[in-house]
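Scroll down for the structure; my scribbles are underneath it.
The values are calculated or read from the model by the stated rules, or taken from the named source; none is laboratory data. Not measured: the values here are computed from a predicted model. Cβ sites come from the backbone with ideal geometry, for glycine too, and all protein chains shown count toward neighbours.
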2 protein chains.
Amino acid sequence: MASSIHDLARHLNISIGTVSRALNGRADVNADTRQRVLDAAAKLNYSPNQSGRSLRRGTTHSIAFMLQPHPGDQQYGEPFFIPFLTGLQAKLAESGLDLIVVMGAPGDYQQERLRRVVETRRADAVVLAYTRREDERIDYLTRVGFPFATLGRSRSGGKTYPSLDLDFEKAGADAVDRLVARGHRRIAAIRPSLNLNFGYLFLAGYRKALRRHGIEVDPELIAKGFINEAGGDAVTPQVMRSKDPPTAIIFNNDAMALGGCKALAEMGIKPGHDIAVIVIVDTPLCRYFSPALTGFRPRLEPMGRRLAEMLLASIPAFAGPEGARIIREVWPLELIARDSD
Amino acid sequence: MASSIHDLARHLNISIGTVSRALNGRADVNADTRQRVLDAAAKLNYSPNQSGRSLRRGTTHSIAFMLQPHPGDQQYGEPFFIPFLTGLQAKLAESGLDLIVVMGAPGDYQQERLRRVVETRRADAVVLAYTRREDERIDYLTRVGFPFATLGRSRSGGKTYPSLDLDFEKAGADAVDRLVARGHRRIAAIRPSLNLNFGYLFLAGYRKALRRHGIEVDPELIAKGFINEAGGDAVTPQVMRSKDPPTAIIFNNDAMALGGCKALAEMGIKPGHDIAVIVIVDTPLCRYFSPALTGFRPRLEPMGRRLAEMLLASIPAFAGPEGARIIREVWPLELIARDSD
DNA sequence: TGTGTTCTCGTAAACGTTTACGGAAAAACG
DNA sequence: CGTTTTTCCGTAAACGTTTACGAGAACACA
């Protein structure tokens, strides 16, 4: 069906070795024959079989991103990742690398699927997201010595891999500062599991800022829920029923915020009017919600590009002349002030 | 690094041929040795190198979905696809197939990337979305005889491939019916390029329903824009400035609707109050918008599962005993009534 | 003319699998 | 015990590449 290098060689009456060398730009081939090979390849539109090439080279020329939908979030989706993937793809393509997204089932922790990708050598490196504070995926990859990079930090694995994260700690603190400046003293925080590192960082920033302002951290105002709409819905009433209810709530996540606002509305409390609401990670949903939610916007597409650069720089086979370097960066989150606070 | 079948054979003192046969469940291997092989494989956690296997078998055991972000839509994302991919993945996994998502750059028509996937044999079949009325991707795939399925119909390629589509024609008609029942006679339609087949179908349904109600189709009330927020924003004022302005607008797409509502607001027209608005494809954004937009909801996750079934049934190598069948289905869109009409 | 160098290409091995084939041993059967 | 069948396994080729090696031809140089 597809033409192989043998077809090409037969067609040109030269050996497959020469054809291969010509196509791969090696020096020891006559300029004339190289041109003939290139022409013939274009004419028969030959492209090398990826399996054959990978097998021989030991490299797949592709990078895998592990995407795992949140459970119980069917109609919602992950608008977060598309711009990020767009940037990642664009930068990888500049180096001739393909990006493949490996879909997981909602809720599994990717461990099995990751092992499959690694052990069957489907990609030369992987990119992980949703890093956990202790992340077995990172432990595994460092243990077997497979190249990877992460969107998000973790305590696992040491400083042996590139990572790019958002400054959730500062965003948490900024949110508190902003609310305190507007006269709030009772500020609640709705967060996901602290295993998720961004939840941990957010809460750390929140706490630190409260103390800085001389406000005691009240455990009753901190609630943990699933990182989806149902989670925000379920947990928000809990903090509202505390003895001294909050006048402001910071949500760690847009989906939780939307669920939380729904719960508030059912309790007759109007966000932006009766209570201030801030969301840490802004998504388009925040903009269109009513009231439009104040939040912190990440620059996802540039982050994708940057993480691709960092990943490539960390792999000797892909790195430029200066050799492999491990880069770790934390990017700021930009406050987008809207109507909810 | 990763253990090969040779390591396994050496460790067990048997030939690689026997190891392979044992692992692949062939009959001509002793039950005892099979067990020993299986145990050793688990112990050394061996898994077959995908490149080697693909090369020999001529099959990759993976299906590619071509995902292409819309241009100028960076912060928006494609919430549409995640649930669909989740369903697709789930069903493919049941047959031991991997789903890989091939990212394209925004705006290119995938033709080049599709050729790469096909010619380098990265997947055994591909799934396309955003089918066009005349779709060169479909022409190409049928021409080279590469298995595929589409989310969406097309005039290209005949009835030779499985396809699953939504009934945009009926949704367009239903929207008109609903608006007419509420007394509207001047109903505008904002649509993308008619190359996009769902735009074509929608408009056909819209026209047919208007005629059925004895309402003349007014070209001034039909406008075409880019299928994103900017498109809706740019084109909506156009229909509002017609001599006899509409009292209702049907948007083909949620992003266009949001842009359109923004434009309406700037003209001092309140959707849901001064004008009725209906969106054909409902997404979470419609639910959270204010006013909440009436729209038609697709069942994306089941659609993903179904299309996976249909694709597998169409490929002899994967099909069950009854052999390959081409299935084409059109699924209904369910009206979700909200506040905008 | 003899020797060394450079240019160009063919040969063949290797990557890790799967599988057709054949053969030795065991089992079945007379 | 001889013959046939069955069971099980090893051998080797094949999938499509890349690349180390070597060899022939052309060329330069003394």
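Figure legend. Inter-residue proximity from the range A:7-20: first residues within 14 Å of chain B (Cβ to nearest Cβ), second residues within 7 Å of DNA strand D (Cβ to nearest atom) and in a loop (DSSP other than H, G, I, E, B), beta-carbon distance below 8 Å, spacing 6+ or different chains. Indicated pairs: A:Asp7/A:Tyr46; A:Leu8/A:Tyr46.
Among the residues of the range A:34-50, those that are more than 8 Å from DNA strand C (Cβ to nearest atom) and assigned to a helix (DSSP H, G or I) comprise A:Gln35, A:Arg36, A:Val37, A:Leu38, A:Asp39, A:Ala40, A:Ala41, A:Ala42, A:Lys43, A:Gln50. Taking the condition surrounded by 15 or more Cβ atoms within 10 Å (Cβ to Cβ) and at pLDDT 95 or above, does A:Arg328 pass? Judged against the criteria, A:Arg328 is not a match. Just give me the residues in the range A:22-33 being more than 7 Å from DNA strand C (Cβ to nearest atom) and not hydrophobic (A, V, I, L, M, F, W, C), in sequence order. Passing the criteria: A:Asn24, A:Gly25, A:Arg26.
Residues in the range B:92-108 that are assigned to a loop (DSSP other than H, G, I, E, B), of a type in the set (A, V, I, L, M) and facing another protein chain (nearest Cβ under 9 Å): B:Ala105 only. Taking (1) more than 9 Å from every other protein chain (Cβ to nearest Cβ); (2) crowded, with 17+ Cβ neighbours inside 10 Å; (3) outside any helix (DSSP H, G or I) in turn, B:Arg26 satisfies each apart from (2). Against the test of being under 36 Å from the mean Cα position of the chain (by Cα), modelled with pLDDT under 95 and either within 15 Å of DNA strand D (Cβ to nearest atom) or more than 10 Å from every other protein chain (Cβ to nearest Cβ) (or both), the options B:Gln89, B:Gln111 yield a single qualifying residue, B:Gln111. Counting only residues that are near DNA strand D (Cβ under 8 Å from one of its atoms) and more than 25 Å from B:Arg115 (Cα to Cα), the range A:27-47 holds 1 of them. Remark: A:Gln50 falls outside the filter, which requires a residue to be within 14 Å of chain B (Cβ to nearest Cβ), buried (at least 20 other Cβ atoms within 10 Å of the Cβ) and more than 11 Å from DNA strand D (Cβ to nearest atom). Cβ-Cβ contacts under 7 Å between residues 6 or more apart (or on different chains), taken from a first residue in the range A:40-65 that is in contact (Cβ under 8 Å) with a residue 60 or more places away in the chain to a second residue that is more than 11 Å from DNA strand D (Cβ to nearest atom) and of a type in the set (Ser, Thr, Tyr), are listed as A:Ser54/A:Thr60. Restricting the range A:136-170 to residues that are crowded, with 21+ Cβ neighbours inside 10 Å and among the aliphatic types (A, V, I, L, M), the residue that is farthest from A:Ala204 (Cα to Cα) is A:Leu141. With respect to the conditions (1) at pLDDT below 95; (2) over 23 Å from B:Arg182 (Cβ atoms); (3) surrounded by fewer than 24 Cβ atoms within 10 Å (Cβ to Cβ), B:Thr283 lacks only one, and its number is (3).
Among the helices (runs of 4 or more DSSP H) confined to the range A:109-224, the ones with at least 2 residues that are touching a residue at least 60 places away in the same chain (Cβ under 8 Å) are located at A:168-181, A:197-212.
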